[in-house]
Structure formats: C-alpha cells, structure tokens
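This report refers to the structure that appears directly beneath it.
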Amino acid sequence: MADFLGDSAIQTTGAGWIASAPKPVILLGLGGVGQALLRQIVAKRAFHAEQYDLRIRFLALCDSRGAVVEPDDGFSDRQLTEILQLKEQGRALTNHPLGGIQEDLAAIVDIVGQPGAVVIDCTASDATVEALFLALNRGYQVVLANKKPLTIEQAVYDQLSRSRAAADAPRTLGQTRWETTVGAGLPVIATLNRLVSSGDEIERIAGAFSGTLGYLMTGLEEGRAFSETVREAFRLGYTEPDPRDDLGGIDVARKALILARGMGWRMEMDQVQVSGLYPERLADLSVDNFLAELPSLDERYRQEAARAASEGKVLRYTATLAEGACCVGLTAVAKESPLGRLSGTDNLVELYSCWYSPNPLVIQGRGAGVEATAAGVLSDVMELR
Ligand SMILES: NC(=O)c1ccc[n+]([C@@H]2O[C@H](COP(=O)([O-])OP(=O)(O)OC[C@H]3O[C@@H](n4cnc5c(N)ncnc54)[C@H](OP(=O)(O)O)[C@@H]3O)[C@@H](O)[C@H]2O)c1
C-alpha cells in the first residue's frame, strides 16, 4: 500500500510530465458509505494516481461528534487506516489521538478549506447545509450521497445544485454532484441531466427505488403473505431497524423529489403524495408490536395482488412523476413492462421523453450498498476535477 503524505506541491514524475496537485477533500460522515469511501481511496490510491493523475489528500474527516484534522505533515495511509478501524469498531473520532470535538461543520470547512477542495457529504443529516453553502461560496466543490440537504426547501436545492440560483440565471450543472442520492451507484441523475440539458422533454418518470420494498413486492407476486415477507426482510437485515422507515415511503419520496427538481419542477416535499404500506393505527407501536400486528394487513394485500394479477398486472412500490404530479405508493403495473419484470431488490427507473417514447430509457441494477455508493461518490469527485 502506497504511503501518502499530503504534499500539495506539483510533482514531477519519472516519465517527465508534471503531476497535478493532490485533490484536497473534507469528508463529512464516516458511517457505512464514508468508511467504504475511505477504504476505496486508500486501496485504489496507486491506480488513481497512475491512471487518472488523481491524488486525494484528506484535510479533515468528521463524524457526528468529532473531527480529525490533517496533521502538518499530512495523513499517511497508515493513519487513515487507523481512523477507519476506529470507526469500524463503532467508536467516535473524538477517541482518535488526532481527534477533537466538532460542534460546527461549517467552522471546520472554514478553517481547513483551501482552493480546489471538495466537501463530501456522507452523513444522513440536514445539519450539513451551512457547511455545504460555505464550501460553494468559497468556490469549493461539493459531492452529496446525503439526500436530506437536497430535499428541504427548494431554495436550498437551488443554491446547492446551482441549477438556477437566481430565477433568471442560466441553468448549469455547477460544482456539485449528487449521483448516488437516487439509485446509489446507478447513473440516474447523470442520465436525467443529459436528457434535460439536450433539450429533450421528459414526459414521465416511473421508478422503483427501494430494494427493501422491491423484495416485499416480489414476495406478494409469489403469493406469500405480506407479514411473512416483512418479517423475513427484517430478520435478514434488509429493512431499517424500524421497518416502518422503509414501509412509510419517505426515503422513496425524497428520491422522487430530487428527480422532480432535476427535471426543473419547482416542488416541496409536502407536495409529494406519499402512500405508505401501513395504516396510521400502527404508527406508534413498538417495533415488536408492529411486527406482531402485521398479519392484520395480509388480506388487504392478498386482494390487491389478486386484483392486479386478474388484469395482467403486478404490484410495485413506485415513484411516478407525470404532468406536474409526484406520487409515491403501491401501483399495479403491466407484468410485461420493465417495472413489471423487475424482481428482488434491484432498483429500476423508466424515463419517458420526446426521444424515448413509447419505449422508455431504462436503468436497472443494484440501488443500494455501501461499496457501490462509495464508488459512485468517488466517480463524482473524479468528474468534478
Ligand atoms: N447505505 C447505502 O446503501 C446508501 C446508498 C445511497 C445513499 N446513501 C446515503 O448516504 C448517506 C450515508 O449513508 P450511511 O449508510 O453511511 O449512513 P450511516 O451509516 O448512518 O452513517 C452516517 C454518518 O454520518 C455521521 N453524521 C450524522 N450526523 C452528522 C453530523 N451532524 N455531522 C457530521 N457527521 C454526522 C454519522 O456519525 P457517527 O459515526 O458519529 O454516528 C455517521 O458517521 C446517507 O445520507 C444515505 O441516505 C446510502
């Protein structure tokens, strides 16, 4: 493993060409995705340097409580690996010898930021917004795996995406990338941006953006009881610790809103029509009691699946964007459509446009997973160079 010292000087290679300066990175969030990103950057350092002239230099790494800031002689890969091991053990960065308490991410970006920096948001919090604004105001770049900053007020999305910071400003892609916020490593946002910027008109987007809910839909299609598939997904760790976080559809709604805004729609979260898969009466139960109550929903979903099957359709939990409306919920789709042929935990998005009609442009594949997501984040960093 190459040991890297954070030297920002231009380096001359053996071949005689001038290597570009290291890319300074501030990483916010060291959970599953942040750790995978750190692991991939260290493991692929020689590959990226040799093949892409990319040398990543960490200025700071932050979790919810602490931060580790680059020492004077830069982080070595050995130190970065130690930080990784500490987080893999579930410990806080404040426990690292170089660690300190962080109470203000914007202050960290302010202090350690430098020209050419990229701030990477791998948190699951909207507390990063001020730090991201500061970064963009300083001319730094921003990469988000975190959906939350892009799904609060439209004005925040506008400023972060720079798609149209002022009403009459031209739309540009700007210095921010958020490819992994929808479909993880799948190229959904890039494809949408390419269609939109070419002048193609998107007529409709329909997609399945939750591997967990996809798994449940396949179970219903196979004639299994709703309660049985939810409990199995819970046992296998496919759901969040509280399965209602998946079944409520909010995460899918956030992805739908990001797509809607990517199409140029001006829309707030409360305008997304979300129908969850459990009734309000089960909302306040403990997780155990919720799981115990699930059989009371079995007959309803059995009937819905049977009705769909009698029309040659299958049930999918989809986000549909068409004619200005954004709807998230259970839908019966034609069995022979791309969404209807979907099975298991894959994500799929159908994009219908002027040029992709009547057959849509379809993107399908694994839509979650920390390694694929981290690789997508790294691709965003490379694209921004
Ligand atoms: N996992 C996937 O497959 C996937 C796919 C696509 C997108 N994403 C998105 O990627 C993001 C990260 O996902 P994940 O699975 O890595 O989540 P995670 O395991 O929950 O990790 C979140 C990280 O953010 C840190 N954090 C939380 N609040 C913070 C704050 N205010 N300031 C600084 N750090 C803060 C946490 O700190 P502590 O370590 O101190 O708790 C933790 O390190 C999420 O927004 C998720 O929606 C995930």
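Of all the numbered requirements in (1) surrounded by 13 or more Cβ atoms within 10 Å (Cβ to Cβ); (2) farther than 22 Å from residue 248 by Cβ, residue 329 misses one, and that requirement is (2).
What single numbered condition from (1) within 24 Å of residue 181 (Cα to Cα); (2) touching a Pro at 6+ places or on another chain (Cβ under 6 Å) fails to hold for residue 114? With respect to (1) within 24 Å of residue 181 (Cα to Cα); (2) touching a Pro at 6+ places or on another chain (Cβ under 6 Å), residue 114 is out only on (1). If you go through the range 34-49 one residue at a time, do you hit one that is loosely packed, with under 15 Cβ neighbours inside 10 Å and in a loop (DSSP other than H, G, I, E, B)? No, that holds for no residue.
Of all residues in the range 172-205, exactly one satisfies the criterion of being buried (at least 24 other Cβ atoms within 10 Å of the Cβ) and more than 16 Å from the ligand (Cβ to nearest atom), namely 205.
Looking at the range 89-118, which of the residues that are outside any loop (DSSP other than H, G, I, E, B) and not β-branched (Val, Ile, Thr) is surrounded by the most Cβ atoms within 10 Å (Cβ to Cβ)? So that I can check it myself, show each step before the final result.
First, the residues of the range 89-118 that are outside any loop (DSSP other than H, G, I, E, B): 93-95, 99-101, 105-112, 118.
Filter again for not β-branched (Val, Ile, Thr), leaving 93, 95, 99-100, 105-107, 110.
Details: 93: 23, 95: 12, 99: 21, 100: 13, 105: 27, 106: 17, 107: 14, 110: 13.
In this case the residue turns out to be 105.
Run residue 145 past the list (1) within 14 Å of the ligand (Cβ to nearest atom); (2) modelled with pLDDT under 95 and report the number of the one that doesn't hold. Here residue 145 meets the rest and fails (2). Pull up the range 74-98, narrow it to residues that are among the hydrophobic types (A, V, I, L, M, F, W, C) and within 26 Å of the chain's Cα centre (by Cα), then point me to the one that is farthest from the ligand (Cβ to nearest atom). Here the answer is 80. When residue 298 is tested against (1) closer than 13 Å to residue 220 by Cβ; (2) surrounded by fewer than 14 Cβ atoms within 10 Å (Cβ to Cβ), only condition (2) is not met. In a residue-by-residue description of the range 215-226, the property of being under 22 Å from residue 335 (Cβ atoms), assigned to a helix (DSSP H, G or I) and of a type in the set (Phe, Trp, Tyr) applies to at least one position. Among the residues that make up the range 230-240, is at least one of them within 19 Å of residue 151 (Cβ to Cβ) and modelled with pLDDT of 95 or more? The answer is no; no qualifying residue exists. Being of a type in the set (Lys, Arg), under 30 Å from residue 354 (Cβ atoms), touching a helix residue (DSSP H, G or I) at 6+ places or on another chain (Cβ under 8 Å) and not in a strand (DSSP E or B) is true of residue 254.
Just one of (1) under 29 Å from residue 174 (Cβ atoms); (2) in a helix (DSSP H, G or I) fails for residue 86. It is (1).
The values are calculated or read from the model by the stated rules, or taken from the named source; none is laboratory data. The structure displayed is predicted, hence computed values, not measured ones. All Cβ positions, even for glycine, are placed from backbone atoms using ideal geometry, and neighbour counts span all protein chains on display.
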